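Undergrad: Mind looking over this structure? Questions follow.
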Amino acid sequence: YFENPDGTLTLVDFKTDRVPEDGGEEILRKRHTEQLGYYKRAIEEITAKKVSKVYVYSFALGREILLNI
């Protein structure tokens with residue numbers, strides 16, 4: 001995670017899952033939203049700062065995917 005200029009945090013988790021280009025983002029969202037939700041809560045409790053954005057970065061797709069957590 002890193003801190004944003006407004007004091008909130010952005011959480012990024014790097015994923016190596018092999019997913020197809022077509023529909024791969026949705027597959028990754030379904031697979032990892034629960035896990036990243038736990039990470040978000042833990043970071044907020046530990047740092048006492050708000051996590052404003054949560055992303056997974058897919059090496060297979062070569063881009064970040066915003067999770068709505």
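The values are calculated or read from the model by the stated rules, or taken from the named source; none is laboratory data. What you see is a predicted model; the values in this text were computed from it and never measured. Please note: Cβ atoms are built from the backbone with ideal geometry, for glycine as well, and neighbour counts cover all protein chains shown. All accessible areas refer to the heavy atoms of the entire protein, side chains included, with ligands and DNA or RNA removed. Shrake-Rupley method; radii C 1.70, N 1.55, O 1.52, S 1.80 Å.
Undergrad: If you take the residues of the stretch 36-69 that are touching a Lys or Arg at 6+ places or on another chain (Cβ under 9 Å) and surrounded by fewer than 13 Cβ atoms within 10 Å (Cβ to Cβ), which of them is nearest to residue 14 (Cα to Cα)?
TA: It comes out as 59.
Undergrad: Taking the stretch 7-18 as the region of interest, how many residues are loosely packed, with under 12 Cβ neighbours inside 10 Å and among the hydroxyl-bearing types (Ser, Thr, Tyr)?
TA: To start, the set of residues in the stretch 7-18 that are loosely packed, with under 12 Cβ neighbours inside 10 Å comprises 7, 14, 16, 18.
So of that shortlist, the ones also among the hydroxyl-bearing types (Ser, Thr, Tyr) come out as 16.
Qualifying residue count, the stretch 7-18: 1.
Undergrad: So which residues in the stretch 22-57 are over 18 Å from residue 2 (Cα atoms) and in contact (Cβ under 8 Å) with a residue 24 or more places away in the chain?
TA: Answer for the stretch 22-57, where residues must be over 18 Å from residue 2 (Cα atoms) and in contact (Cβ under 8 Å) with a residue 24 or more places away in the chain: 24, 25, 28, 29, 32, 33.
Undergrad: Same structure, new question: In the stretch 19-28, how many are open to solvent by less than 70 Å² (accessible area, probe 1.4 Å) and among the charged types (D, E, K, R)?
TA: 1
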